[in-house]
Every structure is written in C-alpha cells, then in structure tokens.
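So the structure is just underneath, and the comments pick up after that.
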Amino acid sequence: MNPLLSPWKSAVVGVILAVLITLATGATGNAWSTTVWLHVIVGITWIGLLYYFNFVQVPAVGAALKDETPGPAAINKYVAPRALLYFRWAAVATWVTGVGALGYLGDGGHAKAIVDAFTLSGNMQVIGIGAWLGTIMAFNVWVFIWPNQKKILGLASTPASPEEIAKAKVVALYASRINTILSIPMLASMVGHGHGGMLPF
C-alpha cells in the first residue's frame, strides 16, 4: 500500500497533491491550464529521457564496453528498451498536448491559433518556432531514433547484420544529438512566448 514503492502510485499521489493544493489556494484553472500542465509533465519526461540517453546512457555503454562484467548487456537488455518505450510515447503525448495547448492561444478560435502557430503568424511566431522544433524532434524519435534502436538492441522483427547495426548506431546517435541541440531553442521558444521574449539579451 506504500505509494513510495511504486513509481505509478507515487505519480498518482503527486496528482492528488496538486489537485488539493489547487483547491486549497482557490487557484482553479480551465481546460487550457490543464492541457498546459499535462504538456509540461509529458514534455519533462520526454526531454529528461533525451538528456538521460545523451549524457548518461550512451557514455555509460561506452565505458561498459571496456568492462567484461557486466558489459553493456545489462543496460541494453533491461534499461534501454524500457526507457525507449517511455521516450517515444512521451514524444507523442508532448506533441499532442502541445498542439492542444496552442489552440487556446491567439485570436480567432482553436484551429486558427494552431494554423497561426505553424505558419509563424502574428503573436504566435515565438511559440510557433517551438512547435516546429518539437515537431521535428518527434519526427526524429519515430523515424530515425526508434527504428535504428530496434536494430541495435535486437528488437527488430528481422535480426540486423553487424554492418546494419553499425550504421544504425550512427543514425540514432546523430538524430538524438540533433534533438538535444533543438531542445534548447525549443524550450526557450515555449517559455519565451509567455514571458515576452526568448532570452534576456
């Protein structure tokens, strides 16, 4: 029954706590604030895993290759598939909730606000840049990172040859590093829209 023994139960307790704080302070929101809240939660999950892969797992696997025991097998067999599951679906959830949140911004209704963001029109230019960067990043996850990771980890329906695995490692790494680069201006665009500018200079 202890919620601290399960990540999912801990998350549920966090949601309950957020609701209680909202009710206690009288700071109730609306559909837009709920959508943004969900967008931030799944976005943190996605970008957090992106940074985990780039700054923790890839260097750890490189170091493990030099170590006979346990070697990279422990990470690649048990950690990577689970992390990639959360990673790719958090990308989808972030994009969907982001587009949903865009619909509440701007003038002229839900669809117009989304179109304005993706066409970089009017006051939607800054957030639109963030939306485009997030779209490119989600595309990279599903088109370049995940298919190549399946080859690397032996999860593809047909086993990949050593040459295919070597090529897959380069493609997945470069796509992941491109996403790391794009994540920084994307986050600046998202925050900047609500605060009048991207960076303080």
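Every read-out reported here was derived from the displayed coordinates using simple, explicitly stated rules and does not represent laboratory data. Remember, it's a predicted structure, so these values are computed and weren't measured experimentally. We place every Cβ from the backbone using ideal geometry, glycine too, and count neighbours over all the protein chains shown.
For TYR78, TYR104, what ranking results if the residue with the fewest other Cβ atoms within 10 Å of its Cβ goes first?
On the way: TYR78 10, TYR104 15.
Ascending number of Cβ neighbours within 10 Å: TYR78, TYR104.
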Practice problem: Calculate, in nm to one decimal, what PHE118 and LEU20 gain on full extension: separation in residues at 0.36 nm each, minus their alpha carbon distance. | Solution: 31.7 nm
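Under a Cβ-Cβ cut-off of 13 Å, what is the net charge of the residues other than PHE53 that fall near it, where Lys and Arg count +1 and Asp and Glu count -1? Show your work: numbers first, answer last.
Numbers: positive: ARG82, ARG88, LYS169, ARG177; negative: none.
After counting each charged neighbour, the total is +4.
Assuming R0 = 30 Å, can you tell me the calculated FRET efficiency for the pair VAL191 and LEU4, based on Cβ-Cβ distance, to the nearest 0.05? The partial results should precede the final answer.
On the way: r = 32 Å, r/R0 = 1.05.
Calculated transfer efficiency: 0.45.
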Quiz item: Can you put LYS9, LYS151 in order, fewest other beta carbons within 10 Å first?
Solution: LYS9, LYS151
Self-check item: Whole-Hz ³J(HN,Hα) from phi, Karplus 6.51 cos²θ - 1.76 cosθ + 1.60, for the stretch 103-109, glycine and proline x
Solution: x, 8, 9, x, 10, x, x
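Report relative contact order for the chain in percent, whole number only (criteria: Cα-Cα under 8 Å, sequence separation at least 6).
Working: 186 pairs, mean separation 36.8, N = 201.
Relative contact order for the chain comes out at 18 percent.
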Practice problem: Among ILE127, SER6, TYR78, pick out the residue whose Cα is farthest towards the positive end of the charge dipole of the chain, where Lys and Arg carry +1 and Asp and Glu carry -1 on C-beta, about the Cα centre. | Solution: TYR78
Quiz item: Short version: ³J(HN,Hα) in whole Hz for each residue of the stretch 154-167, in order, from phi by Karplus 6.51 cos²θ - 1.76 cosθ + 1.60 (θ = phi - 60°), x for Gly and Pro, what are they?
Solution: x, 9, 6, 5, 10, x, 8, 6, x, 5, 5, 5, 4, 5
Exercise. Assuming R0 = 25 Å, can you tell me the calculated FRET efficiency for the pair THR180 and VAL40, based on Cβ-Cβ distance, to the nearest 0.05?
Key: 0.85
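Between ALA63 and GLU164, what is 0.36 nm times their sequence separation minus the Cα-Cα distance? Round to one decimal in nm. Don't skip to the answer; put the middle values down first.
On the way: separation 101, 0.36 × 101 = 36.36 nm, distance 2.23 nm.
This chain segment gains 34.1 nm when fully extended.
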Quiz prompt | Theoretical gain in end-to-end length, ALA27 to LEU155 [0.36 nm per residue, Cα-Cα removed] | solution = 41.4 nm
Self-check item: C-alpha long axis of helix 125-140 to longest principal axis of the chain, angle in °
Solution: 20
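Roughly how big is the stretch 102-192's charge dipole about its Cα centre, with Cβ charges of +1 (Lys, Arg) and -1 (Asp, Glu), in debye to the nearest 20? Provide the component values of the computation, followed by the final result.
Values: 6 positive and 4 negative charges, 60 e Å.
In debye, rounded to 20, the stretch 102-192 gives about 280.
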Quiz item: What list of ³J(HN,Hα) values in whole Hz, one per residue of the stretch 5-21 in order, does the Karplus curve 6.51 cos²θ - 1.76 cosθ + 1.60 (θ = phi - 60°) give from phi, with Gly and Pro shown as x?
Solution: 8, 9, x, 5, 5, 4, 5, 4, 4, x, 5, 4, 4, 4, 5, 4, 5
